[in-house]
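Below: one structure, written as structure tokens.
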Amino acid sequence: MSQALLVGVKAYPGESLSSMLLRTAEANVLPGPGFVLRVAGIASTFPRLPNEVVSLARVCRQDPELIGALCPREFGVRERGAGPRRRYTYYGANVGQHHLLVGTCERVCPMCIRKFGYLPGVHAFTFVTACPYHQVRILDQCPACERAIDALRPRLHLCQCGFDLGGDGVSVSDDEMRVARLVCRRWQLHFLRETPPYCEDVCDEFNELDLDDLLRVMSFFCTLEAAGGWSRYPASRSKRVRDVAWRVERAGRLVRDWPRGLEAAISKVRDPLVQMPPRTYHGDYLGRISFRLFTELPEPTFGFLHRAFVSSAQRKIVTKPFGKVER
């Protein structure tokens, strides 16, 4: 029995898989992208096996290599730190499980929906809480029903409840945008022929890092900022935008003021602004962070970070009536 073929749509550079499926469903007047997967004979949410990728590409009239790149697929584990971590390949990049959204929920940019008519795949990274193209906060839950935005919703611009997601959006700070643009640039290097320009307000050490290494550094910075007393609890593994955005903003500020920003962050770890609960805060928290740095971010790739951390940790900043004095 021959397999039915749908009317294909043109895939934009950097487009996410859910966006392409939503546009394909709309072009074929289907109720939703779930029916596109059903035509391809895929019972799961997204294709996981190679034969499912080939089947979906044939039904949608797309290149199988393109569909395979759009699907976050697990390819193995990697020993790092306390134990093994799952690894995923996405758009030709190999990243950790905690750095990528893998599942039915997704993040959307209201301006991308209204102006572009599609969603870029860079929003799938955990530390991209702002759209690098429009400088607005991306959404992971509907403003009306407050439910998580489903990747298999009826239409690209509609939530499950019928709310139009293509609004104006809320502007974000330059520090948060700095991290979004830095991650987006490293991500674009995997599929664009032209090399994106360097981020001008970021030092060369961060611009030259690979995507996976950059995400690991941002994860370390977010943990360091959370330990400084900005939160009464340690950094969690939550991937919700409201739980990650404020950490990303302070990580972007740290990158902007490098290496002075690292000295200020270490000073806050020594003297947190908020008294931490005794069960969640360790007296030698700086030592535990240092252990994580040297075990999870080894040399020579992160040698510049090691030197800056040791130099900043050896300086003691004491608060005086007329400001701060370094010893």
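The values are calculated or read from the model by the stated rules, or taken from the named source; none is laboratory data. Note that the coordinates shown come from a computational prediction; the quantities given were computed from them, not determined experimentally. Heads up, the Cβs are rebuilt from the backbone with ideal geometry, glycines too, and the neighbour counts pull from every protein chain shown.
Points to keep in mind about this one:
- Out of Leu158, Leu165, Leu182, one residue alone is within 16 Å of the chain's Cα centre (by Cα) and at pLDDT 90 or above. It is Leu182.
- On inspection, Gly169 fails the criterion of being without any contact (Cβ under 8 Å) to a residue 24 or more places away in the chain and of a type outside the set (A, V, I, L, M, F, W, C).
- Options Arg253, Arg247, Arg270: the member that is modelled with pLDDT of 85 or more, of a type in the set (Lys, Arg), touching a helix residue (DSSP H, G or I) at 6+ places or on another chain (Cβ under 9 Å) and farther than 28 Å from Ala148 by Cβ: Arg253
- Within segment 103-127, the set of residues being free of Cβ contacts under 8 Å to residues at least 60 places away in the same chain and either within 11 Å of the chain's Cα centre (by Cα) or not in a loop (DSSP other than H, G, I, E, B) (or both) comprises Cys105, Val108, Pro110, Met111, Cys112, Ile113, Arg114, Lys115.
- Counting only residues that are assigned to a loop (DSSP other than H, G, I, E, B) and either touching a Ser or Thr at 6+ places or on another chain (Cβ under 8 Å) or under 16 Å from Val7 (Cβ atoms) (or both), segment 33-45 holds 4 of them.
- Filtering Leu49, Leu5, Leu30, Leu37 for residues that are at pLDDT 90 or above and surrounded by fewer than 19 Cβ atoms within 10 Å (Cβ to Cβ) leaves a single hit, Leu30.
- Every pair of residues 6+ apart whose Cβ atoms lie under 7 Å, when the first sits in segment 147-162 and is without any contact (Cβ under 8 Å) to a residue 12 or more places away in the chain and assigned by TED's automatic domain parsing to the domain that holds Thr45 while the second is crowded, with 19+ Cβ neighbours inside 10 Å and among the small types (Gly, Ala, Ser): none
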